[in-house]
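First up is the structure itself, then whatever we jot down about it.
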Amino acid sequence: KLQLVWLRSDLRSRDNPALYQASLKGPVICVWCSFEEQWLKHNDSPNKLRFWQENLNVLKKNLEVFNIPLITKRLKRFSDTADSLLQLAKKIDCEAIWFNDEYGANEHKRDQNIKAVFDKAGIGCFSFTGDCLMTPGSVLNKEGSFFKVFTPFRKAVYQNISPSDYHPCPAPKKQEPPSLNVKSDKLPAYKPTAENILETWPAGEKNAHKILKAFIEERADGYKKNRDFPAKTGTSSLSVYLTAGVLSIRQCFEAAAKANDGELDTGCAGLACWMSELIWREFYRHILVGFPRVSMSRAFQKHTEQIPWKTDKQLLKAWQEGKTGYPIVDAAMRQLVATGWMHNRLRMICAMFFTKDLMLDWRLGEKFFMEHLIDGDLASNNGGWQWSASTGTDAAPYFRIFNPASQSAKFDPDGVFLREWLPELKNLDGKSIHTPSSGKHDLLGSNPDYPEPIIDHNLARTETLGTFKSLKK
Ligand code: FAD
């Protein structure tokens with residue numbers, strides 16, 4: 001009997017447990033649903049949606065090799081799914097629906113409803129762990145609760161994980177072409193706001209694996225040394241493929257572990273460091289499941305909900321447009337808007353400046369990132385924002401406040417990244433480019449096109465420390 005595989009953020013034919021397991025049971029039909037209203041509510045960016053669409057087109061072709069058809073449904077909200085998929089399941093007379101778990105609170109609610117509706121209709125419903133190394137809930141502390149801090153979480157993962165946990169599952173079984181009497185809905189074409197996204201991140205599994213292989217063979221070795229410097233190509237830039245599920249966490253982790261002779265936190269420092277970053281991704285997924293309130297715009301550290309965050313529109317606009325007068329923040333924000341991506345060190349600097357210098361509500365920054373990022377991901381974006389705002393899982397205390405000028409001088413020492421995004425500062429020397437306003441009396445150094453700092457970092461820091469100190473636990 002036919003099996004219906006519902007593809008979501010797992011746009012791949014390889015290491016797709018739901019697809020593989022279904023293909024062992026019988027001929028498979030894949031379905032993919034678009035949810036325009038829901039995505040808008042979730043602030044998903046047109047950059048990301050367009051990238052996903054392109055990947056869907058490539059996946060459709062990849063699945064043809066196995067004679068697996070892929071049909072599309074155009075829905076509005078998650079709440080439309082159960083009716084629509086049940087109707088489809090009945091029409092094709094399928095035995096069961098199969099999918100890989102997603103961890104946001106709304107996604108979880110939607111899937112619980114699907115399970116209940118299919119169960120009532122006497123149709124099977126099977127779900128799998130396709131987006132994590134370890135199923136959330138399977139890595140717990142001594143008290144049997146979810147970990148709240150990264151380092152002990154990683155330690156527990158490494159103590160419990162075995163190579164079979166990160167060994168990818170095979171491609172689906174090739175089948176006879178099923179006769180199918182169902183039409184696909186035409187999906188709208190999303191228009192990216194960033195430039196050249198499809199040239200920068202070519203769609204499809206083949207391309208993703210090419211980038212993974214090149215990174216492991218050529219750059220992973222120097223990852224630990226280079227990863228914090230935005231002017232270097234020091235990181236993998238695979239987040240875009242991981243978020244869309246074109247590449248799986250297991251495929252990445254196994255490739256790194258193999259290159260490191262099976263070692264995880266020892267061996268090659270670059271590979272070990274990269275695997276540890278993959279575990280950050282894992283950690284935030286487990287946090288989403290263990291503490292669903294973070295999916296609902298709530299602070300992970302409940303006592304920080306007392307903070308009187310600001311919503312000042314002018315400050316927000318200056319930050320969004322890259323006009324804060326702090327070059328490293330401005331260059332990074334312009335990179336985000338222009339390309340749909342931002343380097344990790346810069347994400348931390350921008351988010352910390354937003355929350356600790358401007359005291360703006362982290363939820364507004366989280367939203368703006370989601371609206372532009374091509375790799376926008378609820379778990380990692382929320383985790384990163386709450387870490388930076390000290391409302392989250394950071395083991396370091398709230399008085400960790402980056403000084404944007406020192407960060408700039410440390411991680412872009414010659415101003416190469418700054419010059420790429422701030423042409424108005426390109427003539428400044430490597431030292432004054434980090435603090436252009438301090439050189440304003442120097443006729444050669446001053447620049448009328450570049451704004452004065454919108455805030456005094458030292459004063460803002462003192463005020464923020466005072467606010468955090470006054471919070472009642
Ligand atoms: P690499 O350095 O090559 O790392 C490999 C992979 O590990 C990444 O692709 C990613 O999947 C994972 N990873 C690395 N660092 C982190 C981290 N700190 N947290 C979680 N996973 C990590 N990542 C997203 O994928 N989507 C987001 O929406 C997102 N928003 C962020 C917002 C803020 C404020 C911060 C501080 C971080 C955010 N991150 C997000 C994490 C990180 O910045 C990106 O994953 C990374 O920059 C992607 O580049 P890369 O693929 O070259 O990373």
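Rule-based calculations on the coordinates, nothing more; no lab input. As the structure is a prediction and not an experimental result, all values here were calculated from the model. Please note: Cβ atoms are built from the backbone with ideal geometry, for glycine as well, and neighbour counts cover all protein chains shown.
Please compute the Kirkwood hydrodynamic radius over the range 58-114, one decimal place, Å, based on all pairs of different Cα atoms. Computed over Cα pairs of the range 58-114, the Kirkwood hydrodynamic radius comes out at 13.1 Å. Couplings 3J(HN,Hα) for the range 218-230, derived from phi with the Karplus relation 6.51 cos²θ - 1.76 cosθ + 1.60 (θ = phi - 60°), are 10, 10, 4, 3, x, 4, 4, 6, 9, 5, 9, 10, x Hz, where x marks Gly and Pro.
Look at the dipole of the chain built from charges on Cβ: of Leu373, Ala121, Phe353, the Cα furthest out on the positive end belongs to Ala121.
Pairs of Cα atoms in the range 302-468 fall into 10 Å distance bins, from 0 up to the last occupied one, in shares of 10, 41, 35, 12, 1, 0 percent.
Annotation for the range 377-429: chymotrypsin sites (Phe, Trp or Tyr not before Pro) lying in DSSP loop with at most 14 further Cβ atoms inside 10 Å of their Cβ are Phe399. In the chain, helices alone account for a calculated mean residue ellipticity at 222 nm of -13000 deg cm²/dmol, with every DSSP H run of four or more residues adding -39,500 (n - 2.57). Using only the C-alpha atoms, the convex hull of the range 260-378 corresponds to 134 Å³ per residue. Remark: the Ala338-Thr151 segment gains 63.9 nm on full extension, using 0.36 nm per residue and subtracting the alpha carbon distance. At the listed q of 0.10, 0.11, 0.12, 0.14 Å⁻¹, the Debye profile of the chain, built from one uniform point per Cα, gives log10 I(q)/I(0) equal to -0.79, -0.94, -1.11, -1.44.
Normalising the Debye intensity of the range 100-255 to I(0), with uniform scatterers on Cα atoms only, and taking log10 at q = 0.09, 0.12, 0.18, 0.19 Å⁻¹ returns -0.47, -0.83, -1.44, -1.47. The mean of 1/r over all pairs of different alpha-carbon atoms in the range 175-291, once inverted, gives a Kirkwood hydrodynamic radius of 16.6 Å. An ellipsoid equivalent to the range 84-132, defined through the eigenvalues of its Cα gyration tensor, has semi-axes of 20, 12, 9 Å when rounded to whole angstrom and sorted largest first. The chymotrypsin sites (Phe, Trp or Tyr not before Pro) of the range 102-136 include none that meets both conditions, a loop assignment by DSSP and at most 10 other Cβ atoms within 10 Å of the site Cβ. Put simply, the amide H of Val5, placed in the peptide plane, has neighbours under 5 Å in Ile29, Cys30, Val31, Trp98, leaving out anything fewer than 5 places away on its chain. The range 287-302 and the range 35-49 have Cα centres spaced 21 Å apart.
Of the trypsin sites (Lys or Arg not before Pro) found in the range 130-223, those in coil by DSSP whose Cβ has at most 10 other Cβ atoms within 10 Å are Lys142, Lys174, Lys183, Lys186. Could you tell me which of rounded, prolate or oblate describes the range 3-129, using a ≥ b ≥ c as the square roots of the eigenvalues of the alpha-carbon gyration tensor, with rounded for a/c under 1.5 and, failing that, prolate when a/b is larger than b/c and oblate otherwise? Here the range 3-129 falls in the oblate category. Distance between the C-alpha centres of the range 193-257 and the range 96-130: 30 Å, rounded to the whole angstrom. Extension gain for Arg77 to Lys410 (0.36 nm times residue separation, less C-alpha to C-alpha distance): 115.3 nm. Please give the contour-minus-distance gain from His108 to Leu140: 0.36 nm per residue of separation, less the Cα-Cα distance, rounded to one decimal in nm. Residue separation times 0.36 nm, minus the Cα-Cα distance, leaves 9.5 nm.
Take the alpha-carbon positions of the range 314-394, form their convex hull, and give its projected area averaged over all directions (one quarter of the hull surface) in nm².
Details: hull surface 18.2 nm².
Computed as one quarter of the Cα hull surface, the answer is 4.6 nm².
Along each principal axis, taking the top coordinate minus the bottom one, the Cα set of the range 1-42 gives 37, 21, 9 Å in descending order. Let me know the Kirkwood hydrodynamic radius for the range 106-187, please, with Cα pairs as the basis and the value in Å to one decimal. Evaluated over the range 106-187, this radius sits at 17.1 Å.
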